[in-house]
Amino acid sequence: MPEWNKPLPSVVGETKPYWDSCKRGDLVIQKCDDCDEYQFYPRGICSNCWSNNIQWIKSTGKGTVWTYTVTYQNRTHGFAQDVPYVLALVELDEGVKMFTNIVECEPSSVQIGMSVEVTFIQANNQISVPYFRPA
Amino acid sequence: MVDLKRGAAIVGINEHITRYSPDKSELQIQGESVIKALEDAGLTKNDVEGLFTASSSIRNSGLNLADYLNMYPKYVDNTTVGGGSFEFHLSHALTAISAGRINCAVITYSSLARSGGVSVGTGGVARFGHPRLDPSPDSFEELYGLTTVGLYAMIAQRHMHLYGTTSEQLAQVAVSTRKHASMNPEALFRTPITVEDVVNARVISSPLHLLDCCVITDGGGAVVVASPELARSCKQNPVWVLGVGEALAHQGAGKRDLIEIAAKQSTTPAFAMAGVTHKDIDMAMIYDSFTITVIETLEDLGFCKKGEGGDFVSGGRIEIGGELPINTDGGGLSSNHPGMRGIFLLLEATRQLRHQFEGTPRQVPNCNIALCHGTGGALGSRHSGGTVILGRD
């Protein structure tokens, strides 16, 4: 496993199931049992109806690129040497958007509307980070 | 609701002349600005009852400022929602003055973003200091190498996809703004540029080029706001607050379409309070962190239809002499952008409404009503929008 030189997520109770699932290779999102709304990023309450009756759903891990940018300059250690890289907002099939990078392709090949699927890169023994690649 | 229209006026202003001040503290720049703005109004330290400030670098900004200036305000507001904070401050000062809590307030800001070497737009998570991520939202966003410019670039990309907006149309905003900067001796960059200069500059985060991005400077300023009674006794003609509106926009738990920005919400109450229409606006100060910010803001404020912003900014329409001159000081794209820029929108609108440049090319002719819209945060993730409509007697 190559050394991870990017920031790592901070994991707390309300987000631990997400990161635990990522470690197993599953992308999960939350759905409220009271109002039936999905939400992303994960939180301890339903942001729509403020119920705490929320459950974790396994996402299909598939979606489309809603928008993106090819980043040529980022001064943060861990990203500075990765440019150019693709920062994107992916809309999952379940209808929620999440920030990610589009990997395993040429940055110039990325387009709005292209189909993508989740893939994971292991940062360390606790954390695997979800990315997306062309599907 | 209480009618707030003309419930307060801008009576004193100062824009600190500096663009680079490695030998000054941020509090000193604020102090110097406040003193000169009060002189401009013909008021003194003892007249100031309300203190309004925001900072991304001064801890407990209002508390430390009151200490530095040895003031004891009875009304304090440190609302900090990014670059547009100062439009929110004016809105809140109007409310406090109209409610009779205070008669006079000072709004002030400063930053040493340039001499401090702050990579405002491209610093990534390091722009916040040590890159330790909060559980949310950072841990779901900053992992992916977000930058401020990237979060605007993503909206620019989407705008191009939906509406056919071009890099040349974005560039036109930078070109027109630079033309205005060429008339401002204090602007950082004053040499005129062309559309080709912009689109041939290196790409920072596609589709945004270097010249689609604001400059980074040191700087600061202050605004003195007074009740109608006090305003009538001040040195300068009052610039009345006619209408205000506020909004916050975010991802909406992953479901909002952020191609529609906060301005869409803040514009309606501002125009309703002012009792004016878009045709009545003689000039506008539109927060220009990036060229796309201007196009999106003009659309969602209602100056043109959604998707038509690229056409709207073309053909000289946004230049002095055009239908809606904007950012007549050279804006953040060319004059100054010390981390947050919202206060400078109020300063230039006030100068134009005072007809301070009468007889020179920089004066917007027959300038009676101006609009300022501050945007803070980032269009692509979460941001604020504060709309202010101002008018002269």
### Summary
Going through the stretch B:276-303 in order, the residues found to be free of Cβ contacts under 8 Å to residues at least 40 places away in the same chain and of a type in the set (F, W, Y) are B:F303
### Query
So B:M154 clears everything in (1) touching a strand residue (DSSP E or B) at 6+ places or on another chain (Cβ under 8 Å); (2) crowded, with 24+ Cβ neighbours inside 10 Å; (3) away from chain A (no Cβ under 14 Å) except one condition, right? Which one?
(3)
## Note on the structure
Within the stretch A:117-135, the count of residues that are more than 17 Å from B:F140 (Cβ to Cβ) and either facing chain B (nearest Cβ under 10 Å) or of a type in the set (A, V, I, L, M) (or both) comes to 1
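Residues are listed down the side, and each one gets a yes or a no for (1) within 19 Å of A:V118 (Cα to Cα); (2) touching a residue at least 40 places away in the same chain (Cβ under 8 Å); (3) of a type in the set (A, V, I, L, M, F, W, C):
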{"site": "A:V11", "(1), (2), (3)": "no, yes, yes"}
{"site": "A:T15", "(1), (2), (3)": "yes, no, no"}
{"site": "A:Q30", "(1), (2), (3)": "yes, no, no"}
{"site": "A:D36", "(1), (2), (3)": "no, no, no"}
### Query
What residue, among those in the stretch A:94-110 that are surrounded by 13 or more Cβ atoms within 10 Å (Cβ to Cβ) and in a loop (DSSP other than H, G, I, E, B), is nearest to the other protein chains (Cβ to nearest Cβ)?
A:V96
## Note on the structure
Residue count, the stretch B:30-87, condition farther than 14 Å from B:G339 by Cβ and either out of contact with any strand residue (DSSP E or B) (no Cβ under 7 Å at 6 or more places or on another chain) or basic (K, R) (or both), comes to 20
### Query
Hey, A:V11 hits all of (1) buried (at least 21 other Cβ atoms within 10 Å of the Cβ); (2) facing chain B (nearest Cβ under 9 Å) but one; which does it fall short on?
(1)
### Task
Considering each residue of the stretch B:331-344, count those that are assigned to a helix (DSSP H, G or I) and on the phi > 0 side of the Ramachandran plot, and give that number.
1
### Task
Can you give me the number of residues within the stretch B:70-97 that are under 19 Å from the mean Cα position of the chain (by Cα) and farther than 19 Å from B:I286 by Cα?
6
### Selected residue (only one of B:G42, B:G121, B:G100 is within 14 Å of chain A (Cβ to nearest Cβ) and either small (G, A, S) or under 24 Å from the mean Cα position of the chain (by Cα) (or both))
B:G121
### Summary
Restricting the stretch A:29-53 to residues that are buried (at least 20 other Cβ atoms within 10 Å of the Cβ) and not in a loop (DSSP other than H, G, I, E, B), the one nearest to the other protein chains (Cβ to nearest Cβ) turns out to be A:Q39
### Summary
From the option list B:T293, B:T328, B:T297, single residue qualifying as hydroxyl-bearing (S, T, Y), within 30 Å of B:S56 (Cα to Cα) and not in a helix (DSSP H, G or I) is B:T328
### Query
Among the candidates B:G374, B:G322, B:G315, which residue alone is crowded, with 24+ Cβ neighbours inside 10 Å and not aliphatic (A, V, I, L, M)?
B:G374
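Yes/no matrix, rows are residues, columns are (1) of a type in the set (A, V, I, L, M); (2) within 14 Å of another protein chain (Cβ to nearest Cβ); (3) buried (at least 24 other Cβ atoms within 10 Å of the Cβ); (4) over 30 Å from B:L51 (Cα atoms):
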site: B:M160; (1), (2), (3), (4): yes, yes, no, yes
site: B:D197; (1), (2), (3), (4): no, no, no, yes
site: B:G220; (1), (2), (3), (4): no, no, yes, no
site: B:K264; (1), (2), (3), (4): no, no, no, no
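Readers should treat all values here as calculations from the given coordinates under stated rules, not as data from a laboratory. In this text, all values refer to a predicted model and were calculated from it rather than measured experimentally. Please note: Cβ atoms are built from the backbone with ideal geometry, for glycine as well, and neighbour counts cover all protein chains shown.
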